[in-house]
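S.K.: Sharing a structure here in structure tokens format.
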Amino acid sequence: LKLFIMRKIFVLFAGCIIFTFGCNKTSINEETAQNGETNSLVDRHCASNDVLMEQLQKDPTLAQRMNEIESFTNRYMQNPSNSRLLAGGIIEIPVVVNVLYKTSAENISQAQIQSQIDVLNEDFKAINADYNNTPSIFQGVRSGDLKITFVLDQVVRKSTTKRSWGTNDAMKSSSSGGLNPISPTTKLNMWCCNLSNGILGYAQFPGGSS
């Protein structure tokens, strides 16, 4: 859906975690292993909706801000030529990837990071290999090329003693052992780290209070 795609754009601006390790359906629960208890298999899942529900509970004004962004998106879609964001018909978004690692395997390579940026661009340009696999019910509302391109601007790396992170945004702050965002008003920041409890990643609504 077009609105869903536009939602994905502004959610990404908040700084989402899209690079994760071992994206299998199940994984070892590291919190349990760290406590010396019996290892258990847990489902891998995206925590974006969980984080959003928590934000909505904490901040009663968030729903209104989300509606305002929806209204702005609708106006832009009806008359994109009036937008001052466009330069040559393409919106270019510089990306900063913040890598937090405890093991060498978690310190993912520049090539792997770039490959994820490439996949992101394929999705937003509607040239991904599975684009034509869109279910028939959604064929009439596929977005097509959104005229948005993501460019890898910088990779920041930091060694940490933490085995895993949660969804409290600790990885986004140096004071809690993570990495502060770089130029967050002009660049899309992403954090790559090992998440606990089977979480594959999460995206956060901008301006949320979590």
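S.K.: Scan the stretch 149-157 and tell me whether some residue there is within 18 Å of Val99 (Cα to Cα), open to solvent by 70 Å² or more (accessible area, probe 1.4 Å) and in contact with a Lys or Arg (Cβ under 9 Å, 6 or more places away or on another chain).
M.R.: Yes.
S.K.: Going through the stretch 192-203 one residue at a time, which ones are farther than 17 Å from Thr103 by Cβ and either small (Gly, Ala, Ser) or touching a helix residue (DSSP H, G or I) at 6+ places or on another chain (Cβ under 9 Å) (or both)?
M.R.: Asn197, Gly198, Ile199, Gly201, Tyr202, Ala203 - these are the residues of the stretch 192-203 that are farther than 17 Å from Thr103 by Cβ and either small (Gly, Ala, Ser) or touching a helix residue (DSSP H, G or I) at 6+ places or on another chain (Cβ under 9 Å) (or both).
S.K.: So which of Gln116, Gln64, Gln78, Gln139 ends up being open to solvent by 30 Å² or more (accessible area, probe 1.4 Å), among the polar types (S, T, N, Q) and closer than 14 Å to Cys192 by Cβ?
M.R.: Going through Gln116, Gln64, Gln78, Gln139 in turn, the sole match is Gln116.
S.K.: Please verify whether Met190 is open to solvent by less than 20 Å² (accessible area, probe 1.4 Å) and assigned to a helix (DSSP H, G or I), treating the condition exactly as stated.
M.R.: In short, no.
S.K.: Any chance the stretch 134-147 includes a residue that's among the hydrophobic types (A, V, I, L, M, F, W, C), within 15 Å of the chain's Cα centre (by Cα) and closer than 19 Å to Val95 by Cα?
M.R.: no
S.K.: Now for a separate question. Can you tell me which condition Ile182 does not meet? The list is (1) in contact (Cβ under 8 Å) with a residue 60 or more places away in the chain; (2) touching a helix residue (DSSP H, G or I) at 6+ places or on another chain (Cβ under 9 Å); (3) surrounded by fewer than 19 Cβ atoms within 10 Å (Cβ to Cβ), and all the others hold.
M.R.: Condition not satisfied by Ile182: (2).
S.K.: Continuing with this model, one more query. Of the residues Asn180, Asn168, which is part of a loop (DSSP other than H, G, I, E, B) and at pLDDT 95 or above?
M.R.: Within the list Asn180, Asn168, the selection yields Asn180.
S.K.: Quick test of your reading of the structure: Ser183 fulfils all but one of (1) touching a Leu at 6+ places or on another chain (Cβ under 9 Å); (2) under 30 Å from Asn74 (Cβ atoms). Name the failing condition by number.
M.R.: (1)
S.K.: Can Ser175 be described as assigned to a helix (DSSP H, G or I) and either β-branched (Val, Ile, Thr) or loosely packed, with under 15 Cβ neighbours inside 10 Å (or both)?
M.R.: Values: assigned to a helix (DSSP H, G or I): yes; either β-branched (Val, Ile, Thr) or loosely packed, with under 15 Cβ neighbours inside 10 Å (or both): yes.
Taking the combined requirement at face value, the residue satisfies it.
S.K.: Considering only the stretch 96-150, state which residues are touching a Leu at 6+ places or on another chain (Cβ under 9 Å), free of Cβ contacts under 8 Å to residues at least 40 places away in the same chain and of a type in the set (S, T, N, Q).
M.R.: Scanning the stretch 96-150 gives a single hit, Gln114.
The values are calculated or read from the model by the stated rules, or taken from the named source; none is laboratory data. A quick note: this is a predicted structure, and the numbers were derived from the prediction, not measured. A quick note on method: Cβ atoms are made from the backbone with ideal geometry, for glycine too, and the neighbour counts reach across all protein chains shown. Note: areas computed on protein heavy atoms with side chains; ligands, DNA, RNA excluded. Shrake-Rupley method; radii C 1.70, N 1.55, O 1.52, S 1.80 Å.
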